Amino acid sequence: MSLQLRVPPTNQRVLPESVEHDFEPGLRDREHTPPPRDVADAGWGNGWETDFSESVRRLYAGYRGAVLPTLSALSLHVALSERWFQQREFDLRGARRILDVGCGAGQLTQHLLKHADREATIMGCDLTWEMLLRARRRVRHDAVQWVVGNLTHLPFDEASFDCVTCGFVLEHLPDVRRGLHELARVLTDGGRLLLLTTEDHWTGRWTARAWNCRALNRQELRRQCQEAGLVWKQDLWFSEVHRWFAVGGICVSLERASRCHSGNG
């Protein structure tokens, strides 16, 4: 089954190979830099949704998006998160269609490519085209495609993927529930979701302030996942130290409930 975008061919949002990606001019703000001519705008609707989209674009198109891969490496989150895939705490076996939502610079995408089955196809999706270019520079492989997309309205058909990862994206949304329902919508019944988000405690609040987002309550998020038809399977931690001090954010493995019985989606 091939992946189908929910946009007409005249408004294609797939990042083409022809786009130049050696663009980093230093850590200056790229707020007013237009996207390449053949990469369409990722915005949908108006009002709060447009405001949120533009805010996220400005944040990650600028210097903070440029240094994000370095910060992820220094925090050891990139290296430590690979253990989840290596030890199959988040099991990629059998997944054929994998989506990385808010892929950023490809930190999780590189793990997916390394540990997924050889037959798997991987889609990296991000709201900011500059981040997609950084990701493509990090992860260059025929099995990976890149597409501009918004978690509030993902450009994919229902049940398009049997595995989805979403790392530190949900906390940027004006409506967390809308993002969760979109993740559930594009997952097949029984499909797996790896969700990472900033948690509401002292370290999470500092992180939220630095990245202009919110910190989420774990129990409230669990309730919202259930409402969206996502079954909370296992809490994950970057290390035992993170577990002891309850830091590192909310990292959880979920499963898409059957549409026949969940009453959601």
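Each reported figure results from applying straightforward, stated rules to the coordinates on display, with no laboratory input. Everything quoted here is computed from the prediction, not taken from an experiment. Using ideal geometry, Cβ is built from the backbone for each residue, glycine included, and neighbour counts are taken over all protein chains shown.
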Any trypsin sites (Lys or Arg not before Pro) in the range 105-202 that lie in a DSSP loop and have at most 13 other Cβ atoms within 10 Å would be ARG118, ARG140
The simple spin-label model distance between SER258 and ARG93, using points 7 Å out along Cα→Cβ, in nm, is 2.4 nm
Averaged over all viewing directions, the convex hull of the alpha carbons in the range 110-218 casts a projected area in nm² of 7.6 nm²
Percent relative contact order for the range 112-265, counting Cα pairs under 8 Å at least six residues apart, stands at 20 percent
Once both label points are put 7 Å beyond Cα along the C-beta direction, the GLN234-HIS141 separation in nm becomes 2.1 nm
Classified through the alpha carbon gyration tensor (a ≥ b ≥ c as square roots of its eigenvalues; rounded if a/c is under 1.5, else prolate when a/b is larger than b/c, else oblate), the range 42-262 comes out rounded
For GLY249, other-chain or 5+-apart residues with amide H closer than 5 Å (H placed, Pro excluded) are GLU199
Which residues qualify? For GLN145, with a placed amide H closer than 5 Å and at least 5 residues away or on another chain, they are ILE122, MET123, GLY124
